[in-house]
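Report on the structure given below.
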Amino acid sequence: MTGLVRETSSRVHIDAATVDLLGADLCTDYQPEKWVGGLVAADPSGEAVRIVCGQEVAVIDVTAQLWEGPPPLTGPEAWQDIAEVSVGWRSPTLDFGTTGDGEDLTQQLVLPGPGGYRIRVSARNRDDGDPREDGDPLEALLIQVWRAPAEADRVIKRSSRTGRLWTEP
């Protein structure tokens, strides 16, 4: 069984409906042509992964985890959408390129080094309104990362209207 190496969680302010995972350059011009499961896309250059949210501008809950190997699927019934992508990461760190004046993830994930990684993104509360009213549930992401050779993109679950919106023509 593989173990959890480290975890960081925070409420994150998003702008332009995305959370970006970035390397040492801390910027990207990557614009995905397709979203895996209506949720995530990996830049073929190995410099960025972009996650699309259900809201344009918001505060969301984000938990990021680095694993020794493939993590167990965490309560799939609790998540609306789950998808995985592979990336040939060129940086020793994975940082969160969020914008705005809300709380950002203050910790980056220090990776074992550049190389092949698998990234699983799980999302919930994507369809609960934009903008949200006080008392509405916060959108939430779980981002799990581990070293792995490249594999085909994989949609594990897609049940939100938001996910369908980003995948159907």
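Readers should treat all values here as calculations from the given coordinates under stated rules, not as data from a laboratory. All values reported here derive from a predicted model rather than from experimental measurement. As a convention, Cβ positions derive from the backbone with ideal geometry for all residues, glycine included, and neighbour counts pool all protein chains shown.
For the reader, a short list of remarks on this structure follows.
- Mean Cβ neighbour count within 10 Å, used as a protection proxy, ranking 48-61, 120-133, 2-15 highest first: 48-61, 120-133, 2-15
- Residues LEU39, LEU141, ranked from the fewest to the most other C-beta atoms within 10 Å, line up as LEU141, LEU39.
- Each Lys and Arg adds +1 at its Cβ and each Asp and Glu adds -1 at its Cβ; summed about the Cα centre, region 1-65 shows a dipole of about 260 debye.
- Over every Cα atom in the chain, the radius of gyration and the widest Cα-Cα span, Dmax, amount to 14.7, 43 Å.
- Using Cβ point charges alone (K and R +1, D and E -1), the dipole size of the chain about the Cα centre works out to roughly 760 debye.
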